[in-house]
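Notes for the one structure printed next.
The values are calculated or read from the model by the stated rules, or taken from the named source; none is laboratory data. These figures come from a predicted structure and were not determined experimentally. Here Cβ is always computed from backbone atoms with ideal geometry, including for glycine, and neighbour counts include all displayed protein chains. Accessible surface areas use protein heavy atoms only, side chains included; no ligands, DNA or RNA. Shrake-Rupley method; radii C 1.70, N 1.55, O 1.52, S 1.80 Å.
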Amino acid sequence: MAFECQNTSEVCLSKKLSNSTAHNPLKEQFGGVKFGKTPVRCYSNSKKGIWRKKAEGSEKLVPKSGFGTDKIVGNLVGTGNLVTTDEGDASESRWSITDLPPALVVEILNCLDPKELGIVSCVSTTLYKIASDHHVWKDFYCERWGLPITKTLNPGLSEEKSWKELFVERDFRSKTYLGRCRRDYLTGHTEPVRAVFLLVSAKLVFTAGYDFVVRIWDMEEGLSIASSRPLGCTIRAVAADTNLLVAGVTDGFIQCWKAVEGVSHLFDLKGSYCENSEFRLWEHEGPVASLALDISRIYSGSWDMTVRIWDRASLQCVMVLRHSDWVWSIAPHGTTLASTSGSDVYIWDTTDGTLAAIIPHAHAGNTYAIARSYSGDFLFTGGEDGSIHMFEISECADDGVLKVASWIPHSGPVNSLAFEFPWVVSASSDGNLSLIDVRKLLKSNRHCLMKYRNRKEATIEPPQRMLHGSGASLFSVNIGADRIVCGGEDCVVKLWDFSHALEREMRSRAQKAIRLENRLRQRRLQAEMNAKSGKADKCSVAAKKNPINGDRNGIWHSKRSVNGKVKA
């Protein structure tokens, strides 16, 4: 018997055999039929064929024993496992992800990150529609940046854009911090600036310092809008939202202003519009060094070694969290609060006031600064040793906290940190700002959290960009809306504006798209011209056979010699 085997590995099976469910001799010989990737094909010159079975480099021939002449294709998986698919109509027997139940498809897509989900959407039009409309894009957006500001201020403003489009646009904007920027100087303070806060939703900048005054600036124009009366002592912390502005001072009280209707800059700092919009909270016994707000609470950290939690409705202190040293910085999220005290980092459960985790000696010296991702799973700390550490809050870790990465971008103490995905911005006493892109380190909650246990810190990339100030110490920094604002010892508020870099990048992308479209159009026109007249290919073949500089000159000279002989 003569037969021929091709290089591809497909096995010829009988359609009748594949349709038989009562008795299947192949199933007995090969141990069942399963899906696989490695096909083996064998063809026979006679009606009687054989089965070729490959197992760990060896081949075994099994008689076909007259199962008919109809052929189907089988895929070999592992050791002797076959998959039967009809060679005549492969589409009817091949399964895809779209054939799965919709609930199972949703669960599969939930396990992907944005990059993987984008790749899936490029496979087919069906998967493109499923992946583009999937609700996980909203989760991707909110766990990085929260709800869009446009949706918060006006829920019907951006309804025409899908969550995928919003995510892609915001992710593109986050890359503008590597572009060119414009630096503005906001002058008005007469003493060093200790605190800055950027309220993106209202396009306002709040600053305060050693001159006892809180100032409000227009973020777009860089102009001073309003200033408070002197509070009588140094202001070390400022925080705000669209309803409340708070300032912490060294005398141990918190100065508060409620938003006033009809005021363009939200707050009446001097009380000229409304007398009842200003009040104070007293209970700290030392300087208030840090402040934070959420929807229902006010958080304050003080050098009296406590963090106090206040109810915004009753303006009463509802919880006191006691530390072993001065509290330098706080970062609340949901029902947890992270704080730095001395060189340690504490993580508290604010529902009952219990200590959930502690990171002892996070830095050599005091841990001055702390920032937190919007999802609350990642912490960033800066200390007196000039280093920045990244931690992950995980139940998988032994002590609840896992160290992910470290950087040493500064030669002086890190006084302040701010985070907006994917950038960590630090301000230091060496007068510089560092920008660190942690996009590759931040992973979604749905993935394994213990990925970095064996990671070497030496493989972490250095800061992607350094912004150099005037040389004076920088005390505070904040980031948002394509801008970075900082204040320092030189009494000037510096604002780096990256919005122009975004405009330039968009123009550059538009020009690249136009050039690409023109090239594609030229190629299509050239292809159409070649299709209409086939002379181009014939001419090229003839040119290869008869080179111009060789044979043509020889023929020309031979003709001249012949003509000369005839004339003679």
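List of remarks:
- Under Karplus coefficients 6.51, -1.76 and 1.60, residue-wise ³J(HN,Hα) of region 334-347 in Hz, glycine/proline x: x, 9, 10, 9, 9, 9, 10, 9, x, 9, 9, 10, 10, 10
- Extension gain for Glu116-Leu100 works out to 3.9 nm (0.36 nm per residue, less the C-alpha to C-alpha distance).
- Accessible surface, per residue, of region 220-338 when the full set of protein chains is kept, probe 1.4 Å, Å²: 45
- With Cα atoms defining each centre, region 259-276 and region 112-142 are spaced 46 Å apart in the structure.
- Portion, in percent, of the accessible area of region 321-426 that falls on carbon or sulfur, probe 1.4 Å: 50
- Residue pairs, from the table Lys203/Lys494; Lys129/Lys161; Lys203/Lys512; Lys164/Lys403; Lys115/Lys203, whose Cα atoms sit over 21 Å apart: Lys203/Lys512; Lys164/Lys403; Lys115/Lys203
- Summary value for region 178-254: 24 percent relative contact order, contacts being C-alpha pairs under 8 angstrom separated by 6+ residues.
- For Tyr368, nonlocal amide neighbours, meaning residues 5 or more places apart or on other chains whose placed amide H falls under 5 Å from its own, are Gly382, Gly383, Glu384.
- For Tyr141, the accessible surface of its heavy atoms amounts to roughly 10 Å² (probe 1.4 Å, protein chains only, rounded to the nearest 10).
- Multiplying the residue separation of Gln464 and Ala313 by 0.36 nm and removing their Cα-Cα distance gives an extension gain of 50.0 nm.
- With all protein chains kept in place, the per residue accessible area of region 375-436 amounts to 26 square angstrom at a probe of 1.4 angstrom.
- Here region 213-297 is treated as a Stokes sphere of Kirkwood radius computed over C-alpha pairs; at 20 °C and 1.002 mPa s its diffusion coefficient rounds to 160 µm²/s.
- Residues whose placed amide H lies under 5 Å from that of Arg194, excluding near-sequence neighbours: Ala208, Gly209, Tyr210
- Taken one residue at a time, the phi angles of region 511-519 give Karplus couplings (6.51, -1.76, 1.60, θ = phi - 60°) of 5, 5, 5, 5, 5, 5, 5, 5, 5 Hz. Gly and Pro are set to x.
- Coordinate range along principal axes, alpha carbons of region 255-297, Å, largest first: 35, 21, 15
- Subtracting the Cα-Cα distance of Tyr128 and Glu160 from their residue separation scaled by 0.36 nm leaves 9.7 nm.
- Carbon/sulfur fraction of accessible area - region 234-282, other protein chains in place, 1.4 Å, %: 41
- Distance in nm between pseudo-label sites at Lys532 and His135 (7 Å out along the Cβ direction from Cα): 5.5
- Phi-derived couplings, Karplus 6.51 cos²θ - 1.76 cosθ + 1.60 at θ = phi - 60°, listed residue by residue for region 173-183: 5, 5, 7, 6, 5, 8, x, 6, 9, 10, 9 Hz, with x used for Gly and Pro.
- Residues with amide H under 5 Å from that of Ser329, placed H, sequence gap 5 or more: Thr340
- Ratio Rg/Rh [Cα only; Rh per Kirkwood] for region 331-396: 0.95
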